[in-house]
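One structure is given below, encoded as structure tokens.
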Amino acid sequence: MNKFTILFLTLFLALPMAMKADSAKEKKDDTRYLVGAVPEVDGKVVFSKEFQIPGMSQAQIYDTMTKWMDERLKENKNIDSRIVFSDEAKGTIAGVGEEWIVFSSSALSLDRTLVNYQITVTCKPGNCLVELEKIRFTYRETEKYKAEEWITDKYALNKAKTKLVRGLAKWRRKTVDFADDMFMDVAVAFGAPDTRPKTEKKKKEEEQQKTSVVAAAGPIIIGQGGKVTTTESAQTTIPAATLTPATPATKVASDASGYTEIDLKQIPGEVYALMGSGKLVISIGKDEFNMTNMTANAGGALGYQSGKAVAYCTLSPDQPYDAIEKADSYTLKLYAPNQTTPSAVIECKKMPSQTTPQAGQPRTYVGEIVKLLMKK
């Protein structure tokens, strides 16, 4: 038997074993990532966890969370990750974050996505509610996705809701893990033990079999000495409209129409709140008699990309999009509930088009904010 025959037989025998090993590697217990793993509130993805800390005052919880959020958002030394507004009297803190989620990493390749999000903390005596929402992904610099159209049950699960869709599985798994990691950080800030694996080389089976405190239903109760228990009581989502800015926004200039121009580096919390609670109208064209106006039926959001303030607006699948596709610039008008004049006007320069969405999916447009005006 010559050496070529031996080599062929070796490869022939090894190939099925390698394929079987790969198949076993791909087969994962995805139970915790199935129905309900990505919670939705009024059609928006909102991860939330309630923490009960008996004996702590609202002021103590507020101070603890302010320090924690400031440190957490600064971990990546990214100026776009920061606390954007707070209200000590109401016990509310909100911040925007931008960091990496790594899908896989090796000496030869790195598969990851940039994730932008908003985190809101509502503090009360002995109680703290943490909400993670407005999650956006930027993949390979040009591909941009919203959590609502990428990792929800509708898109990331098969029709029977028993398996993850292959192409979206890693996104859903890692985003759920990202939220759990965030909530574990909060628990640790209150003195709870950190039960996360010490290294990434821990077997996935060990992580999946271990009951996760932050993944449990109901609020987390942190007692003396960091003892943690959970209860099944319902969680409450605090609407973004209740949030107010920590300090007045910097005023740059005023115009005669009753609006004040705002420094784009200090966008006030009122604008973020309007994005979540008010009506968002897109105006295209300079001539008011020939202007195209449409409501962003699927909502919008604010954020920062590469140090620039940006605004997201999303059209539902049934809305016409020809006008905004052809436009180089447009204006977003934010109306507070029951108001007939906009509370904020955002002039935008449209950024390069993203990947064309599939039929039946929303269309999201990103615009660099060139001017922000707020009603006096």
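Observations on the structure shown:
- Rounded to the nearest 20 debye, the dipole magnitude of the range 304-355 is 200 debye, with +1 charges on Lys and Arg beta carbons, -1 on Asp and Glu beta carbons, and the Cα centre as origin.
- Three semi-axes of the equivalent ellipsoid, the range 124-193, Cα gyration tensor, whole Å, largest first: 28, 15, 12
- Efficiency of FRET between Arg82 and Ser277 - r from beta-carbon atoms, R0 30 angstrom, step 0.05: 0.85
- Using the Cβ-Cβ distance between Glu325 and Asp263 with R0 set to 41 Å, the FRET efficiency from 1/(1 + (r/R0)^6) comes to roughly 0.85.
- Net length available on complete extension from Asn290 to Ala359 is 21.9 nm, with 0.36 nm assigned per residue and the Cα-Cα distance removed.
- In this structure, the residue pairs whose Cα-Cα separation is over 27 Å, taken from Lys44/Lys170; Lys44/Lys77; Lys67/Lys90; Lys159/Lys326, are Lys44/Lys77; Lys159/Lys326.
- Per residue, the range 32-102 exposes an accessible area of 47 Å² to a 1.4 Å probe, with every protein chain left in place.
- The percentage of C-alpha pairs in the range 64-179 whose separation is greater than 18 Å is 58%.
- Summarising the label geometry, the points placed 7 Å from Cα in the beta-carbon direction at Glu143 and Ser106 lie 1.8 nm from one another.
- Approximate spin-label separation Asp318-Glu40, in nm, with each point projected 7 Å along Cα-to-Cβ: 1.6 nm
The values are calculated or read from the model by the stated rules, or taken from the named source; none is laboratory data. Note that this is a predicted model, so its numbers are computed, not measured. Ideal geometry is used to build each Cβ from the backbone, glycine not excepted, and the neighbour counts take in all protein chains shown. Note: areas computed on protein heavy atoms with side chains; ligands, DNA, RNA excluded. Shrake-Rupley method; radii C 1.70, N 1.55, O 1.52, S 1.80 Å.
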